[in-house]
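Trainee: This is the structure, below, for whatever I ask next.
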Amino acid sequence: MKKIAQGIVRLRKLILTVAFLLLIPSAIGAIATRINYDILTYLPQDLDSMIGEVALEDDFHLASTGMITVEGLPTNELIAMKKDIEAVPGVTQTFWLSDVIDPSIPTEMLPADVQQFMFGKNDSTMLIVRFDAPSASDETMEAVAQIEKLLRKDCFFGGMSVILQDTKALVNQEMPMYILIAVGASLLVLFLSLESTITPLLFMLGLLFPIAYNFGTNIFLGQISYITEALATVLQLGVTMDFSIFLLHRYQEEKELRSNNEEAMVSAICKTMTSISASSLTTIAGFLALCAMRLTLGRDIGLVMAKGVALGVICTVVILPSLILTFDKWVEKYKHRTVIPKLKKLSYFVSNHSVPIVVVFILFLIPFAIAQNKTEVYYTLFDSLPQDLTGIVGTNKLGEDFGMTTSHFILVHDDLTATEVSDLCDELKDVDGITQVVSLDSITGPGFQTELLPDSIMEILQSGGYKLILANSSYKTGTDAINSQLDETRKTENTRVERTLRFETERAKTRANRDLSAARMAARATLAAQRQKIADETFSKAREQLAAFVAGKDYAAWLQKEAASLAETLGENAKITARAADLPLLKNVELPAGTVLEADDSITLGGLKGANPAKGVAADDTLEARLEAQHDWFLENAGLEINI
């Protein structure tokens, strides 16, 4: 470390030259770094609210929306102002009732939900302005600024886009002022506590470099939050000022022990680096711990401040020694008496009463811990903004005239029927604090052909596979009441979804069972037809083989044998029939007395039939009958059963 310190002291003029030159790219980087004014972008993207926010932006283009409350303005002037606003670059659409119906129609003829949504107290109506780009984009903020110039008297512009634009203007206006206050307060303390009049100025000049470098290198992060921008300068000033004081005091001590100022500064740099290393590392670790927050604003602040502290340490041991040595003559020349007392008696008292002091401070922890638990925490940044800002006034007007203190955008899948959406809206109206619930289906009712509506209206109310429900609340954001309302709203939505799922599940089961039964019947019919086809083909071949047998030489002997057997079974006075072609084959067969042989045209293949009315006996011994008797056996034993 000593060699590095010697190099710093020896090359101090070069170091100062390079340090000043580095201010140029730092200024360029600081100007080029985008400042993000939308705090919502730092929320985790897997939150339900952020998923809905993305859907509103991508599908409905409603995440970037402003609402204008117009009081007592004639219709013709209102329409003219609406056209002027639509012509502003960055504006997608300016919606009013005239986009749907003739504005001359009396409001009393409109549906109640439309009247309540579009017309409020104080003879007011509302324009909805949709922007092309996200709320915090430069294009949207520029559009908001132009729209504010176009507003007539008694027109109030509210919404997230307007508030963000107001926040940007407020931060840009006030940040230089409170930086000057911080610098002035620091200089005052330094002038009162240090003997040299020049040293406080050197300290401020020395801190200019790490602060400028820190803001310049933010360009590598892409963007930083406006909160980070507002806090970084003051925080870095306060956190790293101690390093400069440590170096100065060590240098003054070493000057009394060394032969010249350069040796004293080398020793001061080495010893100061040792003392501030641990301090700076713990500070850097503390800021980097913010990076673990799921709210990525912590990472934004943590990275910028950790980088700032590291740059502060480097500049303290590199640039500040060069400044002090360069202006050492003026430091020694211009001195004054310090005003802040040394507090020697207090130090002796603390040293002699250390244990009681520790006990007292531990006891103090109890009331302070109780007080801390009773401190209310607010989660809306809008409450900390001046209430006379354009966006705050316009947003408050929405609550005053329309009951829109807070608005909830609820997205449901568009496969829900109009009746289901209307029922959900009715249930949401019963939630405490909900003043109005509006949706396309609740206004038009079931059976309405939405194709009749203009595309510009459908883009707002139904898009991307979702239907939009707007629920207005009388509760303020960030309060316990609104949190309870959101929980109850989610519960209502989930209950409706679960009920719908159960209904759809049962309906799907019924439909599936019906389809399965129909499929089974169709399969059985198909298999039966296939089985019949196989049987027909098999028995057709069997019939052909029997026909060949009848035409062969063995048929006559078989027929005669069967005739003798049948005649014996039937007895005397029976009648035996055969094909006319087969009768000559039976002439030599000995038959019982009274037996008659006759031709039977119903026998087509071969074989015999017989009957004895006296005995009530009949027999069918034709080849057709024998073949048919094998049909059922074939189906049962050939593996062709149908079991579905």
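Trainee: Can you tell me which residues in segment 156-203 are in contact with a strand residue (DSSP E or B) (Cβ under 6 Å, 6 or more places away or on another chain) and under 21 Å from Leu398 (Cβ atoms)?
Mentor: Phe156, Phe157, Gly158, Gly159, Ser161, Val162
Trainee: Quick check on my filter: what residues within segment 260-278 are of a type outside the set (A, V, I, L, M) and touching a helix residue (DSSP H, G or I) at 6+ places or on another chain (Cβ under 8 Å)? Walk me through it before giving the result.
Mentor: Of the residues in segment 260-278, the ones of a type outside the set (A, V, I, L, M) are 260-263, 267, 270-272, 274-275, 277.
Result: Asn261, Glu262, Glu263, Ser267, Cys270, Lys271, Thr272, Ser275, Ser277.
Trainee: Go through segment 362-386 and give me each residue that's of a type in the set (Phe, Trp, Tyr) and open to solvent by 100 Å² or more (accessible area, probe 1.4 Å).
Mentor: Across segment 362-386, the qualifying residues are Phe364, Phe368, Tyr378, Tyr379.
Trainee: I've got another one for you. Output the residues belonging to segment 154-169 that are surrounded by fewer than 22 Cβ atoms within 10 Å (Cβ to Cβ) and either touching a Lys or Arg at 6+ places or on another chain (Cβ under 6 Å) or free of Cβ contacts under 8 Å to residues at least 40 places away in the same chain (or both).
Mentor: Ala169
Trainee: How about segment 8-64: which of its residues are among the small types (Gly, Ala, Ser), in contact with a helix residue (DSSP H, G or I) (Cβ under 9 Å, 6 or more places away or on another chain) and over 18 Å from Leu311 (Cα atoms)?
Mentor: Listed by number, the residues that qualify are Ala32, Ser49, Ala63, Ser64.
Trainee: I would also like to ask the following. For segment 407-424, enumerate the residues that are of a type outside the set (Asp, Glu), farther than 12 Å from Val437 by Cα and open to solvent by less than 40 Å² (accessible area, probe 1.4 Å).
Mentor: Those that are of a type outside the set (Asp, Glu), farther than 12 Å from Val437 by Cα and open to solvent by less than 40 Å² (accessible area, probe 1.4 Å): Val412, Leu416, Ala418.
Results for (1) out of contact with any Ser or Thr (no Cβ under 8 Å at 6 or more places or on another chain); (2) of a type in the set (A, V, I, L, M); (3) assigned to a helix (DSSP H, G or I), shown as yes or no for each residue.
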{"site": "Ile227", "(1), (2), (3)": "yes, yes, yes"}
{"site": "Leu281", "(1), (2), (3)": "yes, yes, yes"}
{"site": "Ile284", "(1), (2), (3)": "yes, yes, yes"}
{"site": "Val309", "(1), (2), (3)": "no, yes, yes"}
{"site": "Val313", "(1), (2), (3)": "no, yes, yes"}
{"site": "Pro321", "(1), (2), (3)": "yes, no, yes"}
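Trainee: Among the listed residues Leu363, Leu323, which satisfies the condition of being over 30 Å from Tyr37 (Cα atoms) and modelled with pLDDT of 90 or more?
Mentor: It is Leu363.
Trainee: Being within 27 Å of Leu385 (Cα to Cα) and surrounded by fewer than 19 Cβ atoms within 10 Å (Cβ to Cβ), is that true of even one residue in segment 93-110?
Mentor: No, that holds for no residue.
Trainee: Oh, and also: Mind counting the residues in segment 111-136 that are open to solvent by less than 20 Å² (accessible area, probe 1.4 Å) and free of Cβ contacts under 8 Å to residues at least 24 places away in the same chain?
Mentor: Count: 1.
Trainee: If you don't mind, there's one more thing I want to ask. Look through Tyr251, Tyr226 and report the one residue that is aromatic (Phe, Trp, Tyr) and touching a strand residue (DSSP E or B) at 6+ places or on another chain (Cβ under 8 Å).
Mentor: The match here is Tyr226.
Trainee: Would you check which residues across segment 596-626 are in a loop (DSSP other than H, G, I, E, B) and touching a Leu at 6+ places or on another chain (Cβ under 7 Å) and list them?
Mentor: If the condition is that a residue be in a loop (DSSP other than H, G, I, E, B) and touching a Leu at 6+ places or on another chain (Cβ under 7 Å), then Leu605, Gly606 are the ones that fit.
Trainee: Now, a different point. Could you please tell me which pairs satisfy a Cβ distance under 9 Å, a separation of 6+ or placement on different chains, a first residue in segment 516-539 that is surrounded by 12 or more Cβ atoms within 10 Å (Cβ to Cβ), and a second residue that is hydroxyl-bearing (Ser, Thr, Tyr) and modelled with pLDDT under 80?
Mentor: none
Trainee: In segment 55-109, how many are of a type in the set (Gly, Ala, Ser), more than 17 Å from Gly120 (Cβ to Cβ) and in contact (Cβ under 8 Å) with a residue 40 or more places away in the chain?
Mentor: Residues in segment 55-109 being of a type in the set (Gly, Ala, Ser), more than 17 Å from Gly120 (Cβ to Cβ) and in contact (Cβ under 8 Å) with a residue 40 or more places away in the chain: 4 in total.
Trainee: Now for a different question. For segment 24-70, give me each residue that is of a type in the set (A, V, I, L, M), touching a Leu at 6+ places or on another chain (Cβ under 8 Å) and in a helix (DSSP H, G or I).
Mentor: Ile39, Met50, Ala55, Leu56 - these are the residues of segment 24-70 that are of a type in the set (A, V, I, L, M), touching a Leu at 6+ places or on another chain (Cβ under 8 Å) and in a helix (DSSP H, G or I).
Trainee: Among the residues of segment 394-424, write down those that are part of a loop (DSSP other than H, G, I, E, B), polar (S, T, N, Q) and in contact (Cβ under 8 Å) with a residue 40 or more places away in the chain.
Mentor: Hit for segment 394-424 is Thr405, nothing else.
Trainee: Right, something else. Could you list all residues from segment 55-89 that are of a type in the set (Gly, Ala, Ser), more than 14 Å from Cys155 (Cα to Cα) and surrounded by fewer than 19 Cβ atoms within 10 Å (Cβ to Cβ)?
Mentor: Ala87, the sole residue that qualifies.
Trainee: Looking only at residues that are aliphatic (A, V, I, L, M) and closer than 19 Å to Met175 by Cβ in segment 202-220, which one is surrounded by the most Cβ atoms within 10 Å (Cβ to Cβ)? Let's see the steps before the verdict.
Mentor: Restricting attention to segment 202-220, the residues satisfying the condition of being aliphatic (A, V, I, L, M) are 202, 204-205, 207-208, 211-212, 219.
Keeping just the survivors that are closer than 19 Å to Met175 by Cβ gives 204, 207-208, 211-212, 219.
Working: Met204: 16, Leu207: 24, Leu208: 17, Ile211: 22, Ala212: 22, Ile219: 18.
Checked segment 202-220; the qualifying residue surrounded by the most Cβ atoms within 10 Å (Cβ to Cβ) is Leu207.
Trainee: Moving on to the next point. Could you pull out the residue among Leu290, Leu297, Leu311 that is within 48 Å of the chain's Cα centre (by Cα), under 30 Å from Ile4 (Cα atoms) and aliphatic (A, V, I, L, M)?
Mentor: Values: Leu290 fails: under 30 Å from Ile4 (Cα atoms); Leu297 fails: under 30 Å from Ile4 (Cα atoms).
Criteria check complete, one pass: Leu311.
Trainee: Using the structure shown, decide if Ala232 is within 49 Å of the chain's Cα centre (by Cα) and crowded, with 17+ Cβ neighbours inside 10 Å.
Mentor: Taking the combined requirement at face value, the residue satisfies it.
Trainee: What pairs come up if the first residue lies in segment 555-571 and is at positive phi and in contact (Cβ under 8 Å) with a residue 24 or more places away in the chain, the second is open to solvent by less than 10 Å² (accessible area, probe 1.4 Å) and among the polar types (S, T, N, Q), and their beta carbons are under 9 Å apart, counting only those six or more places apart or on different chains?
Mentor: Cβ pairs passing all conditions: Gly571/Asn612.
The values are calculated or read from the model by the stated rules, or taken from the named source; none is laboratory data. The structure presented is a predicted model; accordingly, all values stated were derived computationally and were not measured. When we count neighbours, we look across all protein chains shown, and the Cβ atoms used for this are built from the backbone with ideal geometry, even at glycine. Areas reflect the complete protein model, heavy atoms only, side chains present, ligands, DNA and RNA absent. Shrake-Rupley method; radii C 1.70, N 1.55, O 1.52, S 1.80 Å.
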